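Just so it is clear, none of the values below were taken in a lab; they were calculated from the coordinates. Note that the structure is a prediction, hence the values are computed from the model and not measured. Here Cβ is always computed from backbone atoms with ideal geometry, including for glycine, and neighbour counts include all displayed protein chains.
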Amino acid sequence: MAVTMVKKQAGLTGNSAVAYAMKQINPDVCAAYPITPSTQIMEDFSSYVADGKVDTELITAESEHSAMSACIGASAAGARVMTATSSQGLALMWEMLYIASGLRLPIVLANVNRALSAPINIHCDHSDSMGARDSGWIQIYSETVQEAYDNLFQAVRIAESEKVLLPVMVCLDGFITSHAIENISLLEDAEVSQFVGGYKAQHPMLDTDNPVTYGAMTLPDSYIIFKHQQSEAIGRAKDVVVEVGKEFGNRFGREYGLMEKYRLDDADVAIVILSSAAGTTKVAVDELRAKGKKVGLLRPRLFRPFPFKEIADALKSIKAVACLDRVDSFSGFGSPLFNEIRSTLYEFEKRPKVINKIFGLGGRDYKVKDAVGVFEELLKIAETGKVETLIKYITL
Amino acid sequence: MATLKELAKKDELFSGGHRLCTGCGIPPIVRLILRSANAPVVATTATGCLEVGTTIYPYTAWRIPWIHSAFENAAATISGIETAYKALKKRGKIPKDKEIKFVAFGGDGGTYDIGIQALSGALERGHNFLYVCYDNGAYMNTGIQRSGATPLGAATTTSPAGDVILGKQETRKDLTRIVIAHNVPYAAQASPHNWADLSKKAEKALKIVGPTFLNVISPCPLGWYSKSEESIEAAKVAVDTCYWPLYEVENGVLKITYKPKQKRSIEDWLKMQGRFKHLLKPENKAILDKLQKYIDAEWERLLSLDGKVI
C-alpha cells in the first residue's frame with residue numbers, strides 16, 4: 001500500500017519504505033518489471049505516479065532485461081534513473097548490469113534479495129546479488145527497513161558523485177525485510193531534495209548540439225584502459241560512501257559507515273554476516289556476553305567495493321572468525337564473504353582462524369541458537385587453535 | 001517529400017571512413033534515413049555490422065548522439081532514451097519546443113530473433129520512435145549464420161548446402177506482419193535501390209507520433225556471395241521478383257508502393273548470389289519451386305489486401 005501521509009514516523013514494510021524513498025527522490029525515469037518479493041516497490045511507486053505524487057516517467061518493461069536496458073538508455077540520455085528487482089530478475093539483467101557500469105551510468109537499483117532457481121524458491125538468500133558482485137556495481141547491504149530507506153538516498157549521491165559515476169545496488173532481504181513492518185523515521189520531502197540535490201548528467205545524449213557516441217567498440221589497444229579507469233572509479237567509491245554516510249548522519253542523526261561493529265572491540269571471536277541475519281546474531285552476542293563470553297559481530301554494509309583494509313583492521317586481533325554466507329559459491333573455496341575476508345587477513349602474520357558457514361539458503365530460518373552454535377565452535381577454535389571443518393552448511 | 005537535390009544538401013550525419021564492407025547495403029540505408037529526418041536524431045544500434053563497423057574506438061561515424069548497449073535490446077534502449085526526453089521536457093530541463101527524433105537500428109538477427117521481445121514490448125508501450133531493421137538475411141557480423149530472416153534454401157554457415165540437407169529448410173519469418181499485428185500507426189518495407197520510396201517512408205515514419213517500423217532489405221556481398229558492385233541491383237531484383245515487396249501499412253490501411261510491371265522469376269535473384277547456387281541445379285528444383293510458390297502466395301495475399309483496411 002502506498003504511503004499517502006507525510007509524517008516523521010511510519011510503520012512500513014521494507015518494500016513500501018523503498019518505494020516511499022523513491023517517491024521522495026522523484027527520479028526522472030523508472031523502468032521495471034514485476035518479480036517477487038520486490039514487486040510491491042513498483043506497485044507502490046506506480047500508485048504514486050498514477051496519483052500524481054511524483055512526475056516520474058514510468059516504463060513498465062516486458063522483462064527485466066529490457067527494464068535495465070531502458071534504464072541504460074534513459075541514464076545515457078541524461079535522466080536520473082531508478083529500478084527494483086529480485087532474483088531471476090537480477091539474473092536476467094546480468095548482461096546489462098555490466099553494460100550499465102561499463103558505460104559509467106549512475107543508475108540506482110533496489111535489489112530485494114531472493115534465492116535463484118532451481119529449484120524455484122521465492123525466499124531470501126544472497127545468491128542473486130552475490131552472483132553480480134563482480135559486475136562493477138557498488139553494493140550496499142541493509143540490515144533493517146530503516147537502513148534500506150536511508151541507503152536509497154545515499155545511493156543516489158554515491159552513484160552520481162563525479163568521483164564515482166557508477167551504478168549502485170541497495171540490497172535488502174526478501175520477505176524478512178521487504179515484507180516486515182518496522183516503525184521507521186521518515187525524512188521530510190524537502191530534506192530529501194536538499195540531500196540528493198538535482199542531477200546534471202555530464203554527457204547527455206539529449207544534448208543534440210554536442211553529439212556523443214556511447215558504447216563504441218574497443219579493441220585490445222583500449223579495452224583494458226577503460227576497465228582500469230572503471231576499477232579506479234569503484235575504488236574511489238569507498239571514501240565517497242563514508243563521506244555521504246557522515247553527511248547523512250550530520251543532517252538526520254543516523255550515520256552510516258563501511259561496516260557495523262557490534263561488541264567487537266574486545267572480542268575473542270566474531271561472526272561476519274550481512275543484512276538482516278545480523279540482527280539475530282546480535283541477540284546471540286548479547287546472550288553470550290551476559291555469560292562472560294567475549295563474542296562480537298561485524299556486519300559489512302559496503303560489499304562492493306570491498307573495504308578490505310578497514311575490515312582487516314577490525315578483525316586482525318581476533319582469534320577466530322566465522323564468515324556466514326547466505327549463498328554457496330558451488331565448489332569454490334568457500335563463499336564470497338569468506339573468500340574476501342580470509343584473503344584480506346592473509347597478509348598479517350598473526351591472523352585469526354577463519355571458517356565459513358553457509359546458512360539460510362532459500363529463506364531457511366537462521367535462529368539465535370544457530371548463531372550461538374557458531375560462537376561456541378569459534379570459542380573452541382580460539383582455545384585450541386584447531387579448526388575441524390573449514391567450510392560447512394548450517395541451518396540444514 | 002524532399003527531392004534528391006534537397007536531400008543531398010542536408011548535413012551528412014553518417015560520415016565516411018567507417019569500416020562497413022564495399023557494397024554493403026547498410027550505409028546508404030542509414031544515410032538516407034538520417035537525411036530524411038526534419039529534426040535532430042538520437043539513435044541506438046543493436047550489436048552487429050552497423051555497430052562494429054562505425055565505432056571502433058577512438059573513431060565514430062556518427063555525427064548524432066548514438067549509443068550501442070547490447071544485441072537484443074535496441075528497442076528497449078530507445079524506449080529509455082525517448083522516455084528520458086519526455087521526463088526532462090516535462091520538467092523544463094529541455095526546452096518545450098525542442099523536437100528530437102528517436103531511431104533504433106538493428107539487423108535481422110537483432111530484430112527478427114534475439115531482439116523481437118524488446119521490439120514487441122516497445123511497440124506495445126507506444127514509445128515515439130522509429131525502428132529500422134536492415135535485413136540482410138543472416139547473422140553476417142558473426143560470419144553468415146542462419147537467422148529467422150534467412151530465405152528458404154539459402155546456404156549459411158549454420159545451414160550449409162550439404163550432401164543431405166540443402167541449405168535452410170524453413171521459410172523466413174514475416175517480421176513486418178508481426179509488427180503490423182501490434183497495430184502500430186506506420187510500418188513499411190523498403191529497399192535502398194528505390195531511394196525515393198525509402199526516403200518518403202522514412203520521412204513519414206519520423207513524422208508520425210508513436211512507434212513506427214521500417215524493414216529494409218540490405219544486400220550483403222559477403223553473406224550473399226554476390227558482387228559488391230551489384231548490391232543495389234540485387235536489391236532491385238529482390239523487389240522485382242516480389243521476394244521483397246515494397247508496401248506500407250498506415251493507420252491500418254495497406255498500400256503496395258511499387259508493383260513490378262513484369263514480376264520476375266525468383267531464379268533471376270537467386271542466380272546473382274552464391275548462397276543459392278545449389279538451388280539452380282536441376283535435381284534441387286523442388287526447393288526452388290517451393291520458394292517460388294511461397295513468394296507467389298505472399299504476393300497474391302498482398303495484392304488482395306492492397307488499399308484495404310487490414
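Taking only Cα atoms and a 10 Å spring cutoff, compute GNM fluctuations for chain A and point out the largest among A:S87, A:S117, A:S66.
A:S117
If you place +1 on the Cβ of every Lys and Arg, -1 on the Cβ of every Asp and Glu, and leave all else neutral, what size is the dipole of the protein assembly as shown about its Cα centre, to the nearest 20 Debye?
Values: 83 positive and 80 negative charges, 110 e Å.
Here the protein assembly as shown has a charge dipole of around 520 debye.
For chain B, modelled as a Gaussian network with Cα springs under 10 Å, which listed residue fluctuates most, B:P65, B:P151, B:P27?
B:P65
Using only helices, what value at 222 nm comes out for chain B when you add -39,500 (n - 2.57) per DSSP H run of length 4 or more and divide by the total residues, to the nearest 500 deg cm²/dmol?
Working: 11 runs with 108 residues, N = 310.
Result for chain B, helices only: -10000 deg cm²/dmol.
Send over the semi-axes of chain B's equivalent ellipsoid, whole angstrom and largest first, taken as the square roots of 5 times the C-alpha gyration tensor eigenvalues.
32, 21, 18
Treating the beta-carbon of each Lys and Arg as +1 and of each Asp and Glu as -1, no other charges, what is the dipole magnitude of segment A:260-393 about its Cα centre, to the nearest 20 debye?
The dipole of segment A:260-393 has a size of about 100 debye.
Calculate, axis by axis, the spread of Cα positions in segment A:52-181 along the three principal axes, and write the results as whole Å, longest axis first.
Dimensions of segment A:52-181 along the principal axes of its Cα atoms: 38, 33, 30 Å.
Which one of A:H123, A:H228, A:H203 has the biggest mean-square fluctuation once chain A is modelled by GNM with Cα springs under 10 Å?
Result: A:H228 has the largest fluctuation of those listed.
Ratio to report: Rg/Rh of the protein assembly as shown, with Cα atoms as the point set and Rh obtained by the Kirkwood method; give two decimals.
Values: Rg = 29.1 Å, Rh = 27.6 Å.
Over the Cα atoms of the protein assembly as shown, Rg/Rh equals 1.05.
Would you mind calculating the relative contact order of chain B from Cα pairs under 8 angstrom and at least 6 residues apart, reporting the percent as a whole number?
16 percent
Quick one: net charge around B:A155, please, counting Lys, Arg +1 and Asp, Glu -1 for every other residue with C-beta under 12 Å from its C-beta.
Working: positive: B:R146, B:K168, B:R275, B:K277; negative: none.
Local charge sum for B:A155: +4.
For chain A, compute the orientation-averaged projected area of the C-alpha convex hull (one quarter of its surface), in nm². Kindly include the intermediate steps, with their values, before the conclusion.
Working: hull surface 80.5 nm².
Average projection, Cα convex hull of chain A: 20.1 nm².
Only sites in a loop by DSSP and with at most 11 other Cβ atoms within 10 Å count here; which trypsin sites (Lys or Arg not before Pro) in segment B:22-123 make the cut?
On the way: sites: B:R31, B:R35, B:R63, B:K86, B:K89, B:K90, B:R91, B:K93, B:K96, B:K98, B:K101; in loops: B:R63, B:R91, B:K93, B:K96, B:K98.
Of the trypsin sites (Lys or Arg not before Pro), the ones in loops of segment B:22-123 whose Cβ has at most 11 other Cβ atoms within 10 Å are B:K96.
Which of the chymotrypsin sites (Phe, Trp or Tyr not before Pro) across segment B:96-198 are loop residues per DSSP, with 16 or fewer other Cβ within 10 Å? Intermediate results must be reported in sequence, preceding the final value.
Values: sites: B:F102, B:F105, B:Y112, B:F129, B:Y131, B:Y134, B:Y139, B:Y186, B:W195; in loops: B:F129.
Of the chymotrypsin sites (Phe, Trp or Tyr not before Pro), not one in the loops of segment B:96-198 has a Cβ with at most 16 other Cβ atoms within 10 Å.
What are the trypsin sites (Lys or Arg not before Pro) within segment A:104-174 that DSSP puts in a loop, where the Cβ has at most 16 other Cβ atoms within 10 Å?
Working: sites: A:R104, A:R114, A:R133, A:R157, A:K163; in loops: A:R104, A:R114, A:R133, A:K163.
Hits after loop and neighbour filter: A:K163.
So what is the 222 nm mean residue ellipticity for chain A from helices alone, if each DSSP H run of at least 4 adds -39500 (n - 2.57) and you divide by all residues, rounding to the nearest 500 deg cm²/dmol? Walk me through the numbers before you get to the answer.
Details: 12 runs with 162 residues, N = 396.
Dividing the helical sum by the residues of chain A leaves -13000 deg cm²/dmol.
Students often forget the sequence filter, so: which aspartates and glutamates lie under 16 Å Cα-Cα from A:K53 once same-chain residues fewer than 8 apart are removed?
Straight-line reach from A:K53, under 16 Å: A:D28, A:E43, A:D44, A:E188, A:D189.
With unit charges on the beta carbons (Lys and Arg positive, Asp and Glu negative) and the dipole taken about the Cα centre of the protein assembly as shown, which residue among B:N73, B:A61, A:A67 sits farthest to the positive side?
Working it through, the farthest residue towards the positive pole turns out to be B:A61.
Using only the alpha-carbon atoms of segment A:260-393 as identical scatterers, what base-10 log of I(q)/I(0) does the Debye formula give at q = 0.11, 0.17, 0.21 Å⁻¹?
With no solvent term, the Cα-only Debye profile gives -0.33, -0.83, -1.35.
Compute the signed sum of charges (Lys and Arg +1, Asp and Glu -1) over the other residues within less than 9 Å, Cβ to Cβ, of A:A19. The partial results should precede the final answer.
Values: positive: A:K23; negative: A:E43, A:D44.
Once positives and negatives cancel, what remains is -1.
Counting Lys +1, Arg +1, Asp -1, Glu -1, what net charge surrounds B:L13 among other residues with beta carbon under 12 Å of its beta carbon?
Around B:L13, the surrounding residues sum to +3.
How far apart, in nm, are two points set 7 Å out from the Cα along the Cα-to-Cβ line at B:T3 and at A:K369?
9.2 nm
In whole percent, what relative contact order does segment A:260-393 give with Cα contacts below 8 Å and a gap of six or more residues? List each step's numbers first, then the result.
On the way: 232 pairs, mean separation 38.3, N = 134.
Computed value for segment A:260-393: 29 percent relative contact order.
Using the structure shown, select from A:K23/A:K282; B:K168/B:K285; B:K96/B:K207 the pairs with a Cα to Cα distance greater than 23 angstrom.
Listed pairs above 23 Å: A:K23/A:K282.
Which pairs break 20 Å Cα to Cα here: B:K98/B:K200; B:K173/B:K227; A:K163/A:K246; A:K319/A:K380; A:K350/A:K380; B:K173/B:K271? Please list the in-between numbers first.
On the way: B:K98/B:K200 23 Å; B:K173/B:K227 26 Å; A:K163/A:K246 17 Å; A:K319/A:K380 10 Å; A:K350/A:K380 18 Å; B:K173/B:K271 23 Å.
B:K98/B:K200; B:K173/B:K227; B:K173/B:K271, as the Cα separations exceed 20 Å there.
Taking the Cα centre of each part, how many Å lie between segment A:281-330 and segment B:84-160?
So the separation of the two Cα centres works out to 49 Å.
Within chain B, what's the longest stretch lacking GluC sites (Glu not before Pro) that sit in DSSP loops with no more than 14 other Cβ atoms inside 10 Å?
Values: sites that count: B:E12, B:E99, B:E170.
Free of exposed loop sites, the longest segment is B:171-310.
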